[in-house]
Amino acid sequence: MKNILIKNVNIVDAKKNICGDVLIKDGKIYSIKNIENIDENTKIIDGKGFTLLPSFIDMHTHLRDPGYTQKEDLETGQKAALKGGYTTLCAMANTDPVCDNKETIEYVLNKAKELDLCNIIQICAVTKNLEGKEIVNIDEMLSYTKLFSDDGKTIFDEDIMKKALAFSKDLDFKVLTHCQPEFKIVDRDLSLLEEVGGNLHICHISLKKTVERIKEAKNKGLKFTCEVTPHHIFKSDIEYKVNPSFRKKEDVSALIEGIKEGYIDVIGTDHAPHTKEDKENGSPGISLIEAAFSMVYKVFEENNISLNKLSQLMSYNPAQILNLNEGLIQEGYEANLVLVDLQEEYKIETKKFISKGKNNPFDEELVKGKVKLTIKNGKILHKDQ
Ligand code: DOR
Ligand code: ZN
Ligand code: ZN
């Protein structure tokens, strides 16, 4: 494998903002300084005018494989993700068959290995067939994943949720909760967490009231993480079917305040591709992984939120939560990086999406900040033309 040297680039992560060179060797970040002596086995990239960030980690992606490959499959979903600057994806379990058993998870992991694109972490369902009635064989599934979620469905049975949280504490895994109705279920889950402990991640929060409840719980010292999507901070009051719905202006402001004040841990895309027909028949969701960074950057810039913060929510915190040796541009870390042009403005064009899902209400919308190059373990896996 060729080494890569990125010269004279703005290096930004959650903890720094410097200008320099980055040398990548054997898939890892080898050094960050002004590097002069290089051998012929090194590809040089002129980074002048561009910004290098740790690549993005999505804790919430729907890849639809197996079973709904008319909406997306492991190849199109990962290629779309790479175009969006992502190299690690946590794939939700609402496939067909549901990812609640080892055969299905092995199918995904084997196919992902063959494709050799992103780092795929397959999430396992909490309950069998996402029915909310019977908890899966967690012991067995723990050899494949430490993430469990019934996303798409709410776990309404309080006893089941309580048990799942208690197990998550004893067996050291994470429960990602989809809350609908949002406030009621978030409130319940936080109360249960306080009662029994455990490892909880709250998916896609969208309401001012929820942000307030989360602030209260975190200020009390309760330990958990939470996520917002790019679309819930990008626009308010839109008629487009997605769960949770688009909210009001005051909700969007509360989410942005929550980000500024440090109460929101993660930006998760909830990339939810659908066919045209399924969308017309009412399927909720937005295909957006290719545009997620540009949407978030636009909102952050308009609200004076730093790129360090963006990197924290899109790379560093997810890496910490998932225990990955990445998310910072630091010697010895995985060379999972994304080169972006922060000046470039462009229009989202859904017809150009690699994703099979063209379901996105922001077609023709102007955004800022474009992914130019995505590098995973020292290999260039996407190049913008
Ligand atoms: O809008 C959504 N789409 N929200 C979900 O929770 C599920 C997702 C899907 O799977 O389509
Ligand atoms: Zn959800
Ligand atoms: Zn989802």
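The values are calculated or read from the model by the stated rules, or taken from the named source; none is laboratory data. Worth saying up front: this structure is predicted, and the values here are computed from it rather than measured. Using ideal geometry, Cβ is built from the backbone for each residue, glycine included, and neighbour counts are taken over all protein chains shown. For the accessible areas, the whole protein counts, side chains as well, though only heavy atoms, and no ligand, DNA or RNA atoms are used. Shrake-Rupley method; radii C 1.70, N 1.55, O 1.52, S 1.80 Å.
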Notebook entry, point to check: If you go through the range 180-218, how many residues are touching a residue at least 60 places away in the same chain (Cβ under 8 Å) and part of a loop (DSSP other than H, G, I, E, B)?
Noted result: 3
Item checked: In the range 328-376, the residues that are open to solvent by 50 Å² or more (accessible area, probe 1.4 Å), part of a loop (DSSP other than H, G, I, E, B) and of a type in the set (S, T, N, Q) -> 330
Next item on the list: Name every residue in the range 282-311 that is surrounded by 23 or more Cβ atoms within 10 Å (Cβ to Cβ), out of contact with any helix residue (DSSP H, G or I) (no Cβ under 6 Å at 6 or more places or on another chain) and outside any loop (DSSP other than H, G, I, E, B), in order of residue number.
Entry: 293, 294, 311
Margin query: Between a residue in the range 248-259 that is among the charged types (D, E, K, R) and any residue that is assigned to a loop (DSSP other than H, G, I, E, B) and open to solvent by 20 Å² or more (accessible area, probe 1.4 Å), which pairs come within a Cβ distance under 8 Å, given they are 6 or more apart or on different chains?
Written below: 248/236; 248/237; 249/236; 249/237; 251/207; 251/236
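Restricting to the range 169-179, count the residues that are more than 15 Å from residue 208 (Cα to Cα) and within 16 Å of ligand 3 (Cβ to nearest atom). Steps first, please.
To start, the set of residues in the range 169-179 that are more than 15 Å from residue 208 (Cα to Cα) comprises 169-178.
Checking the rest, the ones that are also within 16 Å of ligand 3 (Cβ to nearest atom) come to 174-178.
Total meeting the criteria: 5.
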Notebook entry, point to check: Can you name the residue in the range 147-163 that is closer than 10 Å to residue 180 by Cα and free of Cβ contacts under 8 Å to residues at least 40 places away in the same chain and is also most open to solvent (accessible area, probe 1.4 Å) among such residues?
Noted result: 156
Next item on the list: Answer yes or no as to whether residue 96 is more than 22 Å from residue 202 (Cα to Cα), away from ligand 3 (no atom under 16 Å from the Cβ) and surrounded by fewer than 22 Cβ atoms within 10 Å (Cβ to Cβ).
Entry: no
Margin query: Report every pair of residues separated by at least 6 positions or lying on different chains whose Cβ atoms are under 9 Å apart, first residue within the range 44-61 and over 25 Å from residue 200 (Cα atoms) and charged (D, E, K, R), second modelled with pLDDT of 95 or more and surrounded by fewer than 21 Cβ atoms within 10 Å (Cβ to Cβ).
Written below: 46/7; 46/8; 48/7; 48/8
Next item on the list: Hey, can you tell me all the residues within the range 227-243 that are within 16 Å of ligand 2 (Cβ to nearest atom), open to solvent by 20 Å² or more (accessible area, probe 1.4 Å) and touching a helix residue (DSSP H, G or I) at 6+ places or on another chain (Cβ under 6 Å)?
Entry: none
Next item on the list: Please tell me if residue 176 is under 23 Å from residue 315 (Cα atoms), in contact with a strand residue (DSSP E or B) (Cβ under 7 Å, 6 or more places away or on another chain) and either within 15 Å of ligand 2 (Cβ to nearest atom) or part of a loop (DSSP other than H, G, I, E, B) (or both).
Entry: yes
Next item on the list: Select from the range 73-105 the residues that are touching a Pro at 6+ places or on another chain (Cβ under 8 Å), within 14 Å of ligand 1 (Cβ to nearest atom) and either of a type in the set (A, V, I, L, M) or over 24 Å from residue 321 (Cβ atoms) (or both) and list them in ascending order.
Entry: 96
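Please work out which residue is farthest from ligand 3 (Cβ to nearest atom), limiting yourself to the range 197-223 and to residues that are within 24 Å of residue 142 (Cα to Cα) and surrounded by fewer than 16 Cβ atoms within 10 Å (Cβ to Cβ).
Our first condition is that a residue be within 24 Å of residue 142 (Cα to Cα); within the range 197-223, this holds for 197-203, 223.
From the residues that got through so far, the ones that are surrounded by fewer than 16 Cβ atoms within 10 Å (Cβ to Cβ) too are 197, 223.
On the way: 197: 25, 223: 23 Å.
So the residue we want is 197.
Would you mention how many residues in the range 106-118 are open to solvent by 40 Å² or more (accessible area, probe 1.4 Å) and touching a Pro at 6+ places or on another chain (Cβ under 9 Å)?
Taking the range 106-118 as the starting set, the residues that turn out to be open to solvent by 40 Å² or more (accessible area, probe 1.4 Å) are 106-107, 109-111, 113-116.
Restricting the remaining residues to those that are touching a Pro at 6+ places or on another chain (Cβ under 9 Å) gives 107, 111.
Residues in the range 106-118 being open to solvent by 40 Å² or more (accessible area, probe 1.4 Å) and touching a Pro at 6+ places or on another chain (Cβ under 9 Å): 2 in total.
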Margin query: Within the range 71-97, take every residue that is under 16 Å from residue 293 (Cβ atoms) and part of a loop (DSSP other than H, G, I, E, B) and give me the one that is nearest to ligand 2 (Cβ to nearest atom).
Written below: 84
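Tell me yes or no: at least one residue of the range 226-242 is out of contact with any Gly (no Cβ under 8 Å at 6 or more places or on another chain), closer than 20 Å to residue 188 by Cα and within 16 Å of ligand 3 (Cβ to nearest atom). Before you say what the answer is, go through the steps one by one.
Within the range 226-242, the subset out of contact with any Gly (no Cβ under 8 Å at 6 or more places or on another chain) is 226, 230-240.
If we keep only those that are closer than 20 Å to residue 188 by Cα too, we end up with 226.
Add one more test, that the residue is within 16 Å of ligand 3 (Cβ to nearest atom), and what stays is 226.
The answer is yes; a qualifying residue exists.
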Checklist line | Residue tally, condition open to solvent by 10 Å² or more (accessible area, probe 1.4 Å) and closer than 15 Å to residue 211 by Cβ, over the range 246-281 | finding: 15
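Of everything in the range 33-83 that's among the aromatic types (Phe, Trp, Tyr) and under 29 Å from residue 226 (Cα atoms), which residue is nearest to the chain's Cα centre (by Cα)? Talk me through it step by step, then tell me what you get.
Filtering the range 33-83 down to residues among the aromatic types (Phe, Trp, Tyr) leaves 50, 56, 68.
Cutting the leftovers down to under 29 Å from residue 226 (Cα atoms) gives us 56, 68.
On the way: 56: 7, 68: 20 Å.
Among those that are among the aromatic types (Phe, Trp, Tyr) and under 29 Å from residue 226 (Cα atoms), it is 56.
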Check: What are the residues in the range 193-226 that are within 16 Å of ligand 2 (Cβ to nearest atom) and of a type outside the set (Ser, Thr, Tyr), if any?
Finding: 200, 201, 202, 203, 204, 205, 207, 226
